[in-house]
1. For residue B:72, state whether it is within 22 Å of residue B:8 (Cβ to Cβ) and either in contact with a helix residue (DSSP H, G or I) (Cβ under 9 Å, 6 or more places away or on another chain) or within 7 Å of chain A (Cβ to nearest Cβ) (or both).
2. Which condition breaks for residue B:101 when tested against (1) at the interface with chain A (Cβ under 10 Å from one of its Cβ atoms); (2) farther than 20 Å from residue A:116 by Cβ; (3) within 16 Å of the chain's Cα centre (by Cα); (4) open to solvent by 60 Å² or more (accessible area, probe 1.4 Å)?
3. When the residues of region A:1-59 are narrowed to those that are touching a residue at least 40 places away in the same chain (Cβ under 8 Å) and basic (Lys, Arg), which ends up farthest from residue A:70 (Cα to Cα)?
4. Collect the residues in region B:1-52 that are within 12 Å of DNA strand C (Cβ to nearest atom), part of a helix (DSSP H, G or I) and open to solvent by 30 Å² or more (accessible area, probe 1.4 Å), keeping them in residue-number order.
5. Out of A:45, A:15, A:26, I need the residue that is on the phi > 0 side of the Ramachandran plot and at pLDDT 95 or above. Which one?
6. Suppose the filter is within 16 Å of DNA strand C (Cβ to nearest atom), part of a helix (DSSP H, G or I) and under 18 Å from the mean Cα position of the chain (by Cα); does residue A:67 pass it?
7. Quick one: in region B:104-121, of everything that is hydrophobic (A, V, I, L, M, F, W, C) and at the interface with chain A (Cβ under 7 Å from one of its Cβ atoms), which residue is surrounded by the most Cβ atoms within 10 Å (Cβ to Cβ)?
8. Taking the condition within 12 Å of DNA strand C (Cβ to nearest atom), within 14 Å of another protein chain (Cβ to nearest Cβ) and open to solvent by 60 Å² or more (accessible area, probe 1.4 Å), does residue A:83 pass?
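The values are calculated or read from the model by the stated rules, or taken from the named source; none is laboratory data. Keep in mind the model is a prediction, meaning the values are calculated, not measured. All Cβ positions, even for glycine, are placed from backbone atoms using ideal geometry, and neighbour counts span all protein chains on display. Quick note on the areas: whole protein, heavy atoms, side chains included, nothing else; ligands and nucleic acids left out. Shrake-Rupley method; radii C 1.70, N 1.55, O 1.52, S 1.80 Å.
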There are 2 protein chains.
Amino acid sequence: MDGLFSINELAEAFDISARAIRFYEDKGLIAPERVGSRRVYTKRDRGRLQLILRGKRLGFSLAEIREYLDMYDQDPTQQAQIRLLLEKVSERRMQLEQQMIDIQDTLSDLEDIETQIKARL
Amino acid sequence: MDGLFSINELAEAFDISARAIRFYEDKGLIAPERVGSRRVYTKRDRGRLQLILRGKRLGFSLAEIREYLDMYDQDPTQQAQIRLLLEKVSERRMQLEQQMIDIQDTLSDLEDIETQIKARL
DNA sequence: TTATTAGTTAACGTTTACGTAAAGTAATTC
DNA sequence: GAATTACTTTACGTAAACGTTAACTAATAA
C-alpha cells in the first residue's frame, strides 16, 4: 500500500472504469507491473495515467497521447519532438480560442432571443 | 443563383463534404427544397448549416444540435428550453475553462523540459 | 451524339473508445 | 469448505459521424 495501487483504486481515484485503464494498457499507453496476474501501479504509473487523462481532456486521441508519452519516456534531449508537441498544443489552443468565440456568439444569440421574449411580455 | 446554393457550393464554402451535408439532412438537422431530385439551399438553410457547424465546434453531438435547432424553429417564447440551452452552453464553457487550464499545465511542463535541456547545453 | 459534370439513392465499411457479458482464478472471510 | 471479493482474459457489441463504392439520372458541352 506504500505508493502502490490496484486497478480499481486508480479507477475510483480518477473516476474512470477499470476497463478503460486496461484499454489504455492494451494500446500501449501504460504498462504496470504484475504480481501474479494482477496489475500493480506505482506512483509513476499514476502520474502517467494523469497525463493520459489530461490529454483526453485536451481532445487528443489515445494514439496521439501515446506518442507524447513515448516522447516523455525517451531521452529528453530530443528537441525536435518537443517542438512537435509544442506545435500540437498550440494548434489545440487555437481551436480552444475558436471555441471560446463560438461560445460567445452562441451566448449572444441567446441574449437576443431572451431580449425578444422580454419585449413581448 | 440569387441566394440559392447547390450542395457542392455549400460544401466548398464551409469546407465540408457533400456527404456530410446529406448526412445532416438524414438526421433531420436541415431540410432543403428540391428542384427535381436536386437539393437547393436558401440563405436560411445556409445559416442553419452555420449553426450546425458552430455546434460541432463546441463539441455537441448532432442529436443535441438537432434539439437546439428544433428549439430555434419553435415558438421562441419557450423560455424553459432556452434555459436548458443556456445550461448546456454554460457546462460547455466550464469544460473549455478546464481545457484552458490543461493547456497551461501542459505548456508549463514543456517549459520545464526545455529549461532542463538548455541547462545541459 | 457522346462525353463530361453534377447531382442522386442505397448500403456497406471504418474508426475510436470503451461497455458488457462470460468464464475463470486466487485470496480472504465466515 | 463454501462463499465472497477482487481480479483476470477473451471477445463480441455499440454509438457517432461520416467515407466510400456502386449504380443511376439529368443537363450541358464539344
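1. Numbers: within 22 Å of residue B:8 (Cβ to Cβ): no; either in contact with a helix residue (DSSP H, G or I) (Cβ under 9 Å, 6 or more places away or on another chain) or within 7 Å of chain A (Cβ to nearest Cβ) (or both): yes.
Judged against the criteria, residue B:72 is not a match.
2. (3)
3. Filtering region A:1-59 for residues that are touching a residue at least 40 places away in the same chain (Cβ under 8 Å) and basic (Lys, Arg), the one farthest from residue A:70 (Cα to Cα) comes out as A:43.
4. Within region B:1-52, B:8, B:9, B:12, B:13, B:19, B:22, B:23, B:25, B:26 meet the criteria.
5. On the way: A:45 fails: on the phi > 0 side of the Ramachandran plot; A:26 fails: on the phi > 0 side of the Ramachandran plot.
The conditions single out A:15.
6. On the way: within 16 Å of DNA strand C (Cβ to nearest atom): yes; part of a helix (DSSP H, G or I): yes; under 18 Å from the mean Cα position of the chain (by Cα): yes.
Spelling it out, residue A:67 is indeed within 16 Å of DNA strand C (Cβ to nearest atom), part of a helix (DSSP H, G or I) and under 18 Å from the mean Cα position of the chain (by Cα).
7. Narrowing region B:104-121 to residues hydrophobic (A, V, I, L, M, F, W, C): B:107, B:110, B:113, B:117, B:119, B:121.
Then keep just the ones that are at the interface with chain A (Cβ under 7 Å from one of its Cβ atoms); that gives B:107, B:110, B:113, B:117.
Details: B:107: 14, B:110: 15, B:113: 18, B:117: 14.
Ranking the qualifying residues of region B:104-121, first place goes to B:113.
8. Here the answer is no, as residue A:83 does not meet what is asked.
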